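*Asks:* One structure follows; several queries about it will come next.
Derivation of every value follows stated rules applied to the coordinates shown; laboratory data play no part. Keep in mind that what you see is a predicted model, and the values were worked out from it rather than measured. Using ideal geometry, Cβ is built from the backbone for each residue, glycine included, and neighbour counts are taken over all protein chains shown.
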Amino acid sequence: MSKETKKPGFAFGKENYRILIIGVVIVAIGYMLMVGGGSDDPNQFHAEELFSFRRITLSPIVILAGFVVVLYGIMKKSKA
């Protein structure tokens with residue numbers, strides 16, 4: 001009778017962790033694109049800065065793309 005013992009290891013393979021890190025970096029870039037547009041003077045309001053294409057459209061698309069990459073990194077089967 002042969003017993004196979006499985007060594008405890010990492011949950012994912014090396015490729016999965018690489019994809020996860022890339023996804024997290026993409027999400028962080030998306031949040032950095034959303035930063036800014038404020039004013040030091042509370043009496044001033046710059047709508048064109050605050051509601052720019054970069055903050056309203058581009059940043060959420062980049063963040064969602066990052067989450068898709070993270071989800072792919074989690075769901076991808078390891079070769080091992």
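*Asks:* Quick one: net charge around Asn16, please, counting Lys, Arg +1 and Asp, Glu -1 for every other residue with C-beta under 15 Å from its C-beta.
*Replies:* Charge balance near Asn16 sits at +4.
*Asks:* Given the DSSP H assignment, sum -39500 (n - 2.57) over each helix run of at least 4 residues in the chain and divide by its residue total; what's the result at 222 nm in deg cm²/dmol, nearest 500?
*Replies:* Estimated from H runs of four or more residues: -17000 deg cm²/dmol.
*Asks:* On to the next question. Is the C-alpha gyration tensor of region 14-75 telling us rounded, prolate or oblate? Criteria: a/c under 1.5 is rounded; beyond that, a/b larger than b/c is prolate, otherwise oblate.
*Replies:* Judged from the Cα gyration tensor, region 14-75 comes out prolate (a/c at least 1.5, a/b above b/c).
*Asks:* Sequence neighbours fewer than 8 away in the same chain don't count; with that in mind, list the lysines whose C-alpha is under 17 Å from Lys7.
*Replies:* Result set, ordered by chain and number: Lys79.
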